[in-house]
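First up is the structure itself, then whatever we jot down about it.
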Amino acid sequence: MTQPTPAAPPRRGRGRHHILVGWSFILPNFVGFALFTLVPMLAAFALAFLEWDSYGSPEWAGLDNFTRLLGDENFHVALRNTLFYAAGHIPLTLVAALGLALVLNRKIRGVQFFRTAAFFPYITSLVAVAVVWNMLFNPTAGPVNQVLEALGLTDPPRWVASTDWAMPAVIVTSVWRDMGYYMVLYLAGLQTIPREYYEAARVDGASAWQRFWSVTLPCLRPTTFFVLVMLTIQSFKVLDLILVMTDGGPGRSTLVLAQLIFREGIREGQFGYSSAIALVLFVIVLTVTVVQFRINERRSAT
């Protein structure tokens with residue numbers, strides 16, 4: 001009986017060829033990531049411990065920039081405003097996006113048009129969005145206050161002209177702009193839920209609310225977790241909308257951390273101090289995100 005011929009070992013040159021092919025796909029994206037993301041991040045971390053105004057040579061400052069943060073009232077105001085914005089923007093956008101997805105997941109006439117209309121604000125120019133909403137929130141001639149006055153409110157809010165109402169106005173605008181994008185994510189999640197789950201729930205006599213609470217929400221847990229993480233990161237680094245709508249005003253009522261980083265670094269030339277604020281913001285976002293991952297892991301394990 002003849003012995004089977006052992007398989008020839010793979011040639012070393014072929015293995016190197018596969019490695020080179022793999023790197024050829026990875027390298028363009030990695031080079032862009034390294035040049036425009038990784039290197040600036042590392043440079044910002046290093047600058048946080050230096051004093052540099054871009055004119056002279058960088059000087060070692062140690063923890064002086066972080067010590068300065070503790071006594072900087074602008075930093076405290078920006079941190080409070082950022083937390084307030086996140087506390088309003090995250091839950092409102094999540095609820096609005098989920099509600100839109102539930103409504104537009106039905107078989108209704110013109111559903112494609114309504115889905116497009118809901119998503120359209122997200123791809124619209126942010127400057128245009130901010131200008132239009134500033135007109136809507138105009139305290140004297142804006143349609144929002146005209147409607148409120150028609151409903152019997154004699155002293156409507158001054159919105160972006162008020163230190164108390166400027167941030168809520170920004171939050172409302174931001175929710176309106178972002179909810180369409182997260183609606184698409186929820187729509188994708190809803191369409192992966194097997195119809196058999198709902199049919200079984202109906203057979204058991206579950207109401208619409210019980211089907212939503214016991215079938216829809218548990219099946220959407222991965223989507224909700226992703227949306228929550230993305231909203232958290234987006235909320236803590238908000239900048240462009242506030243720059244166009246209020247520029248941090250009136251006073252400092254809408255000054256946020258990202259805008260403070262921009263002011264100290266670009267306008268004032270304090271790159272070391274600006275990088276220290278950016279590092280603190282990075283740590284805050286990282287901590288919140290890690291906590292969210294831990295909570296999600298515990299819920300998934302139960």
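The values are calculated or read from the model by the stated rules, or taken from the named source; none is laboratory data. The model shown is predicted, which means the values in this text are computed figures rather than measured ones. All Cβ positions, even for glycine, are placed from backbone atoms using ideal geometry, and neighbour counts span all protein chains on display. Side chains are part of the model used for accessible areas, which takes the heavy atoms of the whole protein and leaves out ligands, DNA and RNA. Shrake-Rupley method; radii C 1.70, N 1.55, O 1.52, S 1.80 Å.
Worth pointing out:
- Taking the protein heavy atoms of the chain in the context of the full set of protein chains, the accessible area attributed to carbon and sulfur is 66 percent at 1.4 Å.
- Karplus-derived HN-Hα couplings along the stretch 106-114 (A = 6.51, B = -1.76, C = 1.60, θ = phi - 60°), whole Hz, x at Gly and Pro: 8, 8, 10, 5, x, 5, 5, 5, 5
- For Rg and Dmax of the Cα atoms in Å, computed directly from the structure shown, the correct entry in (i) 25.5, 99; (ii) 25.8, 103; (iii) 19.5, 63 is (ii).
- Its Cα gyration tensor gives the stretch 177-302 an equivalent ellipsoid; the semi-axes, largest first and in whole Å, are 41, 17, 10.
- Those residues of the stretch 244-267 whose amide nitrogen sits under 20 Å from the label point placed on Ala46, 7 Å along Cα→Cβ: 265-266
- Net lengthening on full extension, Arg298/Ile193 (0.36 nm per residue, minus Cα-Cα): 35.6 nm
- Between the stretch 44-119 and the stretch 13-43, the alpha-carbon centres lie 29 Å apart.
- Per-residue extension of 0.36 nm, minus the Cα-Cα distance of Leu126 and Arg202, leaves a gain of 23.0 nm for this segment.
- Every pair of different Cα atoms in the stretch 47-136 enters the Kirkwood calculation, which places the hydrodynamic radius at 17.9 Å.
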